[in-house]
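Comments concern the structure below.
The values are calculated or read from the model by the stated rules, or taken from the named source; none is laboratory data. Because the structure is predicted, anything quoted here is derived from the model rather than measured. Every residue, glycine as well, gets a Cβ built from its backbone with ideal geometry; the counts of neighbours run over all protein chains shown. The protein model used for the area step is the full one, side chains on, heavy atoms only, and it has no ligands, DNA or RNA in it. Shrake-Rupley method; radii C 1.70, N 1.55, O 1.52, S 1.80 Å.
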Amino acid sequence: MVKRRIVTAALLALGVMATPLAAMAQSPLAATAPKEILPATPLPDVPRNQTAVLGWGVALSSPIGVTNPWALPGYTHQEGNAFMWEPLAYFAIFKGEYIPWLADSMEYTDDTFTALEIKLNKDAKWSDGKPVTSADVKYTFDGQLNNDKLPYHAHFDQFVESTEAVDPLTVLVKFKSAAPRFKFEVLTEKFDTGIPIVPAEYLSAQPDVSMAPGSTEIPHSGPYDLVAWNANQKIFDYRPDWWAVTAGRIAEPAVKRIIIANITGVSMDTVAQRIVNNEFDSALDMRSSVIGNILAQNPEVTTHTGNESPYGYLDWWPNSLWMNTQLEPYSDVRVRRAISLAVNRDAINDVLYDGAGIASIYPFPLYPNLQAFADSPAVKALEEQYQPRKFDLDESAKLMTEAGFALNGDGLWEKDGKTIDATIQGFENIHGDIVPILVEMLRTAGFDAAINFGPDAYQNMADGKAGLYMFGHGASLFDPFEALNLFHGKYSANVGTAAGNSRFSRYKNPEYDQILDSIAPLSSDDPKFQEGAAKALGIYWRDQIDVPIIQWLHRIAYNQHYWKNWPTAANPAMGTNGAFWAHTGMLVITSLQPSGAQ
């Protein structure tokens, strides 16, 4: 659902074009997709120093021509479409603050969190010059509520009672119950979550919104128009009448053209060389050794941490070794705990991250609010009790013996003639450094570990096949609720059915569910929320629902030959993460400043 970017990025790293996961393969729009979108007249020349060239995929998830956010399955914001669409607000994760956008304000009417008033910016306009009004917001919200194909339908169905257009610039949303996270989780764009506002007049005229590709015709509020698209590249040109400049949201963008060059199936070495050669201004995130080589060859390239390790920033996707907790032997908590005890997180930090503390024990990223939660006395007491970071091969062996296993002649744990399948499913270009180390650790501890980086890796995770799954938790950003909620029993798919993204554990525990249900209506600063969330995290550790391994890093090369003001630790810019493919990528690109190179 809202986690599509994880699959897209992983597939892009693999160079996969045709898999059961690619929305293009699922979408009925693919059958009618054009081979190419050409401008009616030749495109004007735009100098290289006014052009951002970005390495990514151009038709991995979206059939050519799909720019309508409601054309599902088929649409993705990741392949440049985020440059066309805008939300009510963004969130600057590294400044910890909202960035008002189409809305000047979004405020709960009182501390019951049962109503939200939205005030729109008076200057906001669509690309056809018509104003963005409360009618567009109401249409967007009503669509999410009533159309079960849309990605946030479940959120709206659970919480929203009604949406009222009070006047052209005011919207009042009433909730069925307390919805303290709705503003942040649903209505605010950050990383890959949140919704854009769509044009009511255009979409209401379509016979089927899910079959309307959008192409170059759909009105959009963002600063760039799609002007060309084929299998090799996707081109957007700046629209000079973009409302946000007039409204004072941002200065006139210096980037007048964006070219997304297709790198699907291209080796990382080739992509890296194009950055070194100043052909690319940025590209997808890379492993440490690749980034290090780029920095060594081109001093004009930087990263989030400059030339210093670990080169990246914390993404919202901390990785664990997941497993199907409904499937033997992974259904035995002793086996799951024994696997965790076999992982030496200190060694991972030393070998892969030059001693930086990237190995993790949490299912959420340690952004400021979440770090404060992790450092709270209640959580620290539970950490001391359950010792989730502990590395102890003797204790691991003791648990395996208690679970009825014995070491065979090959030094592997065996029961009833079967070893434990600890094959790690993953994605080579993003897990090629960490997974081999984990396999070695697990085999040393007696687990029958191997690697599967094949095209069936994700499907094996979704199907709940035997083995371990190296994958992330795309959920929490501000408080721990969404990450903990991944393990709520209501999301536990039965064996024999496919599990959704980040629901691979298939965990069920009424005690855990009751805690989550009790804190769901509470604000994250409520002491009762903090107490309940700590208890839930304690159960996550106690039951070893999965085996947390690392905080995820986005190591992205930023080429400063033509463009400066990339968001880094030393220069936060607008405070967002630096992934141009995220929802906030539009802010990254429109904030770039020319270096002066010709």
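Residues in segment 264-298 that are part of a loop (DSSP other than H, G, I, E, B) and modelled with pLDDT under 95 were compared, and the one that is nearest to PHE83 (Cα to Cα) is LEU284. Does PHE453 satisfy the criteria of being within 21 Å of the chain's Cα centre (by Cα) and either crowded, with 18+ Cβ neighbours inside 10 Å or on the phi < 0 side of the Ramachandran plot (or both)? Here the answer is yes, as PHE453 does meet what is asked. When each of GLY432, GLY474 is tested for being more than 19 Å from ALA342 (Cβ to Cβ), modelled with pLDDT under 95, open to solvent by 10 Å² or more (accessible area, probe 1.4 Å) and of a type outside the set (S, T, N, Q), the lone residue that passes is GLY432. Please verify whether GLY312 is within 25 Å of the chain's Cα centre (by Cα) and farther than 19 Å from HIS431 by Cα, treating the condition exactly as stated. Against the criterion (within 25 Å of the chain's Cα centre (by Cα) and farther than 19 Å from HIS431 by Cα), GLY312 does not qualify. For segment 245-282, what are the residues that are hydroxyl-bearing (Ser, Thr, Tyr) and touching a His at 6+ places or on another chain (Cβ under 6 Å)? Scanning segment 245-282 gives no hits. Against the numbered list (1) closer than 28 Å to TYR367 by Cβ; (2) touching a residue at least 60 places away in the same chain (Cβ under 8 Å); (3) out of contact with any Pro (no Cβ under 6 Å at 6 or more places or on another chain); (4) open to solvent by less than 30 Å² (accessible area, probe 1.4 Å), GLY426 comes up short only at (2). For segment 518-538, residues that are of a type in the set (A, V, I, L, M, F, W, C), within 15 Å of PHE184 (Cβ to Cβ) and out of contact with any Phe, Trp or Tyr (no Cβ under 6 Å at 6 or more places or on another chain) total 2. So for segment 235-252 (the condition being under 14 Å from ILE64 (Cβ atoms) and not in a strand (DSSP E or B)), does at least one residue qualify? Checked segment 235-252: no residue is under 14 Å from ILE64 (Cβ atoms) and not in a strand (DSSP E or B). Residues that are open to solvent by 30 Å² or more (accessible area, probe 1.4 Å) and β-branched (Val, Ile, Thr) were ranked within segment 253-296; the one that is nearest to PRO47 (Cα to Cα) is ILE259. Looking across segment 369-398, the residues that are touching an Asp or Glu at 6+ places or on another chain (Cβ under 9 Å) and open to solvent by less than 70 Å² (accessible area, probe 1.4 Å) come down to LEU370, PHE373, ALA374, ALA378. Pairs are defined by a Cβ separation below 9 Å, a sequence spacing of at least 6 or placement on different chains, a first member in segment 135-161 that is among the acidic types (Asp, Glu), and a second member that is at pLDDT below 95 and surrounded by fewer than 19 Cβ atoms within 10 Å (Cβ to Cβ); the pairs so defined are ASP148/ALA154; ASP157/ASP148. The combined condition, being surrounded by fewer than 22 Cβ atoms within 10 Å (Cβ to Cβ), more than 23 Å from ALA338 (Cβ to Cβ), in contact with a Lys or Arg (Cβ under 9 Å, 6 or more places away or on another chain) and in contact (Cβ under 8 Å) with a residue 60 or more places away in the chain, is fulfilled by SER524. When segment 253-263 is limited to residues that are part of a loop (DSSP other than H, G, I, E, B) and among the β-branched types (Val, Ile, Thr), the one that is farthest from the chain's Cα centre (by Cα) turns out to be VAL255.
Scanning segment 369-405 for residues that are touching a residue at least 12 places away in the same chain (Cβ under 8 Å) and not in a helix (DSSP H, G or I), we see that the one that is farthest from GLU328 (Cα to Cα) is SER376. Of the helices (runs of 4 or more DSSP H) lying entirely inside segment 490-598, not one contains at least 3 residues that are among the acidic types (Asp, Glu) and touching a Ser or Thr at 6+ places or on another chain (Cβ under 6 Å).
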